[in-house]
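Visitor: Before we start, here is the structure in question, set down as structure tokens.
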Amino acid sequence: MRSLYIAWNAISVATLAVFTWISLKKKTRLSPIVATLCALAGMCVLSYTTLLFVPNKRAALTLFSIYYICDMGVLGVIYIFAISIAEISKRNSTKSVGARVFYIFAGLISLALIANIWTESVIGIEPVLFKNGWLNYWKQNYTWQSYIFVGFQTVMVCVILATLLKRAFKLPTFYKSKFITLASSFALVATVNSSALFFPFKYELSITLYVFLAAYAVQISFWGINESLLNTMISLVSENIRYAVVCFASRGRCFYLNREARNIFGYGNSGLAAAEGYRDKLLSQYPEKMFGFLTLTQSLQVNSVTRTFDCEYKILKDKKNRNVVSYLKLVDTTQELKRLEEEKIRSERDPLTGLYNRSTFFKRAAEILRANRSDDFYLIATNIMDFKIVNSLFGEPVGDEVLKLQAALLSSTASPNAAFGRLTADKFAALLPKELFDMETIRKNNETLRQSLAKYNYKLQNYTGVYEIADKYENVKTMYDKAAMTIEDIRGNMETVAAFYDSSIMDRQIRDKRIVSEFDDALENGQFVMYLQPQINASDERIVGAEALVRWITPDRGTVAPMDFIPVLEKSGLIHKLDQYMWEEAAKKLAEWKARAIDMYISINISAKDFYYCDIYKFFTELVERYDISPKNLKIEITETVLMQDMNAHGSVLQKLSDYGFTIEMDDFGSGYSSLNTLKNVEMNTLKIDMGFLRASNFSQKVKDIISSIISMSKTLGMTVVTEGVETEDQVKFLRQASCDIFQGFYFSKPLSIGEFEKKYCDGGTK
């Protein structure tokens, strides 16, 4: 029995030494703890086994002290091991209050055990000999101090057991069984150790179990828990990641599919077979890449829905370059691609209408033209006039509906070689193959758009410019600009809503831009000159006044005709500056005539824009006061068309001017609406009949009857009648018979410069 015990202990010491070396070699976080545990356990076994061969009592007491100190150290290390193995907390448990209490008691007991070598106050020993006188073992005699030591050990054992069991039931499942086993092993060692208090064993049996306890600690520290934990973690991670993972053995047999992979390929053996079939398909399609690293994007049917995946296939090899395992990773990019496509659409499309935005339209149109160089195309531009008024009057929702309708009408001709875009708020563009272009469709679409707000008693005016593309490599923006120029050329024409671009439009645009750019300097330098066309009293053919007309006399181009620059200034919003200049020139001349005792009036014209750019009433009243002239000598002419733009507001201003003493004349009666409502609602002093009447139908009897009726009506209303455009003696005779009051026209005089006019008429005659 003794020999067997010694032999086992020798094996245990050697084994524990090996475990200590293994633990230190591992160099992990647990290595120092496990190495200390194995070393202390080995010291316990070695010191106790050596006792069986030491007959000297003092030496035996020394070995007993070493044994008990190491045994107590084993308890402490097991406690630290129990906490550390599970990574319970980031807080250092070895510095807790409980650990510090253990250190204090362990230190005191260790001192007592060292003193026991000389005092035998804790444990006494006496030799037990064989019959032949050789030492068999040392019998221990316990004192009351011994029970303090035993009590401390008992408390430590209970604390360790409680800690192990508590951790076992608090930790995840893959830790639980390991801790229960460790606790059971420790409890067995503690039970065997404590049994010596009640049963007189010759030898310390608990140390025979130390090697098992240490071996289990090594196993769960470096192999057992790590390996199972690794496998469990790999399983948990692979099951919960958001992409599919499929694992194949070296010869292509599928042995694992995670949850996402099972959703794609199926469950059970059918899923494994489907995954193997997919791998074989990849192998047949890309044989040269299947032995390394393959990445591609593919679409797969999953539950009858097509989904897009980024696929990755990789073969893993060992150090000898042998195939060990391969894996397939499938990342579902369906939603990501959908999101990217939506972002692309948002970046390329107008969010309201769905048409291309400005930059994308120009880019797409260029691509179509380059790809179809043998085909003919038109570039179309549209513009809804005064669209801001729609938003102001009816609100943006109504305006948005108009824009969506315009987009739908414009893009109604579907073709892969067509492109449609919304370039700015109300400006659209289209590229159409020539065979799909139809001017009648454009007119119908314009009419549909025009009637879209009919329920609000408001009719839109939409213009379309068409540019026939000759050079497909011309900048598309330049093509659009030419189509847009056509719109500017027909703007304001109620009859023509669509027109083709021609080179003369460019010439007119250049000419118009030149007029606009030179206007301010010309005005400042006095290039705009007032001309006067006489107005003759019908009864005695003596001059009574004149209409002020403007001429632009340039130093390089000579005289520019009014018809060439006045429409440009009206369109560009500069006409009010010229009008105000002419009004002041007329007032200056009237002041000069007043000083010379010349009693004649000058009629000046007001345009629609003047009402928006200045206070008409204030300007004219200040003008006559500044130059001290009579308001009746500065007559104000206004066309019916201007009045119709805002009858109430404009009529109110004119009424105030009339009350102040100005003579208000309706100019060009017969050329516009010629509405009797105008005469009814606005008080006019003079009616000017349009010269167009006199030229119509060779001055037929019907025309004469109409003019006679107008003059008669005017007389009834107490208005003076002026007829302009009088060119023949027959016209003069007829108008005099019809009771016309004043003549104006080439029959009497063309417009004259101030010098010519004054030279001819300053005496008030009709020379």
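Visitor: Being at pLDDT 70 or above, assigned to a helix (DSSP H, G or I) and either in contact with an Asp or Glu (Cβ under 8 Å, 6 or more places away or on another chain) or open to solvent by less than 10 Å² (accessible area, probe 1.4 Å) (or both) is the filter here, so list the residues in the stretch 214-259 that pass it.
Guide: Result: 214, 217, 218, 259.
Visitor: Okay, next question. With the requirement that a residue be open to solvent by less than 60 Å² (accessible area, probe 1.4 Å) and either in contact with a helix residue (DSSP H, G or I) (Cβ under 9 Å, 6 or more places away or on another chain) or of a type in the set (Lys, Arg) (or both), what does the stretch 475-488 give you?
Guide: Answer for the stretch 475-488, where residues must be open to solvent by less than 60 Å² (accessible area, probe 1.4 Å) and either in contact with a helix residue (DSSP H, G or I) (Cβ under 9 Å, 6 or more places away or on another chain) or of a type in the set (Lys, Arg) (or both): 476, 479, 480, 482, 485, 486, 488.
Visitor: Moving to a separate point now. Can you tell me which condition residue 590 does not meet? The list is (1) closer than 12 Å to residue 603 by Cα; (2) aliphatic (A, V, I, L, M); (3) open to solvent by 30 Å² or more (accessible area, probe 1.4 Å), and all the others hold.
Guide: (3)
Visitor: Of all helices (runs of 4 or more DSSP H) completely enclosed by the stretch 334-436, which ones contain at least 2 residues that are open to solvent by 70 Å² or more (accessible area, probe 1.4 Å), within 23 Å of residue 446 (Cα to Cα) and at pLDDT 90 or above?
Guide: 396-410
Visitor: While we're on this one: Test of understanding: among 13, 18, 45, which residue is in a helix (DSSP H, G or I), of a type outside the set (Gly, Ala, Ser), farther than 14 Å from residue 137 by Cβ and open to solvent by less than 10 Å² (accessible area, probe 1.4 Å)?
Guide: Exactly one residue qualifies, and that residue is 45.
Visitor: Can residue 553 be described as free of Cβ contacts under 8 Å to residues at least 40 places away in the same chain, aliphatic (A, V, I, L, M) and surrounded by fewer than 16 Cβ atoms within 10 Å (Cβ to Cβ)?
Guide: Judged against the criteria, residue 553 is a match.
Visitor: Of the conditions (1) part of a helix (DSSP H, G or I); (2) of a type outside the set (Ser, Thr, Tyr); (3) touching a residue at least 24 places away in the same chain (Cβ under 8 Å), residue 53 fails just one. Which one is it?
Guide: Of (1) part of a helix (DSSP H, G or I); (2) of a type outside the set (Ser, Thr, Tyr); (3) touching a residue at least 24 places away in the same chain (Cβ under 8 Å), only one is false for residue 53: (1).
Visitor: Also, quick follow-up: Within the bounds of the stretch 611-630, is there any residue that is over 28 Å from residue 536 (Cα atoms), under 56 Å from the mean Cα position of the chain (by Cα) and not in a helix (DSSP H, G or I)?
Guide: So far as the stretch 611-630 goes, yes, one or more of its residues are over 28 Å from residue 536 (Cα atoms), under 56 Å from the mean Cα position of the chain (by Cα) and not in a helix (DSSP H, G or I).
Visitor: Looking at the stretch 290-307, is at least one residue over 18 Å from residue 255 (Cβ atoms), open to solvent by 40 Å² or more (accessible area, probe 1.4 Å) and among the aliphatic types (A, V, I, L, M)?
Guide: Within the stretch 290-307, one or more residues are over 18 Å from residue 255 (Cβ atoms), open to solvent by 40 Å² or more (accessible area, probe 1.4 Å) and among the aliphatic types (A, V, I, L, M).
Visitor: Moving on. Whether any residue in the stretch 145-164 is modelled with pLDDT under 75 and in a strand (DSSP E or B) is what I want to check.
Guide: no
Visitor: Right, another one. Quickly run through the stretch 21-42 and pick out the residues that are open to solvent by 30 Å² or more (accessible area, probe 1.4 Å), assigned to a loop (DSSP other than H, G, I, E, B) and either within 26 Å of residue 137 (Cβ to Cβ) or in contact (Cβ under 8 Å) with a residue 60 or more places away in the chain (or both).
Guide: The one that is open to solvent by 30 Å² or more (accessible area, probe 1.4 Å), assigned to a loop (DSSP other than H, G, I, E, B) and either within 26 Å of residue 137 (Cβ to Cβ) or in contact (Cβ under 8 Å) with a residue 60 or more places away in the chain (or both): 28.
Visitor: Okay, moving on. Going residue by residue through the stretch 750-767, is there one that turns out to be more than 22 Å from residue 639 (Cβ to Cβ), part of a loop (DSSP other than H, G, I, E, B), among the hydroxyl-bearing types (Ser, Thr, Tyr) and modelled with pLDDT under 85?
Guide: Scanning the stretch 750-767, I find at least one residue that is more than 22 Å from residue 639 (Cβ to Cβ), part of a loop (DSSP other than H, G, I, E, B), among the hydroxyl-bearing types (Ser, Thr, Tyr) and modelled with pLDDT under 85, so the answer is yes.
Visitor: Related question: Can you find a residue that is open to solvent by less than 30 Å² (accessible area, probe 1.4 Å) and in contact with a strand residue (DSSP E or B) (Cβ under 6 Å, 6 or more places away or on another chain) anywhere in the stretch 604-617?
Guide: For the stretch 604-617, residues open to solvent by less than 30 Å² (accessible area, probe 1.4 Å) and in contact with a strand residue (DSSP E or B) (Cβ under 6 Å, 6 or more places away or on another chain): present.
Visitor: Do you know which residues across the stretch 725-751 are touching a residue at least 40 places away in the same chain (Cβ under 8 Å) and within 21 Å of residue 602 (Cα to Cα)?
Guide: Scanning the stretch 725-751 gives 740, 741, 742, 743, 744, 745, 748, 749, 750, 751.
Visitor: When residue 568 is evaluated against the numbered criteria (1) closer than 30 Å to residue 489 by Cβ; (2) assigned to a helix (DSSP H, G or I); (3) in contact (Cβ under 8 Å) with a residue 40 or more places away in the chain; (4) open to solvent by 30 Å² or more (accessible area, probe 1.4 Å), which criterion, by number, is the only one it fails?
Guide: (4)
The values are calculated or read from the model by the stated rules, or taken from the named source; none is laboratory data. Keep in mind that this is a model prediction, so the values were computed, not measured. No Cβ is skipped: glycine too gets one built from the backbone with ideal geometry, and neighbour counts run over all protein chains shown. Quick note on the areas: whole protein, heavy atoms, side chains included, nothing else; ligands and nucleic acids left out. Shrake-Rupley method; radii C 1.70, N 1.55, O 1.52, S 1.80 Å.
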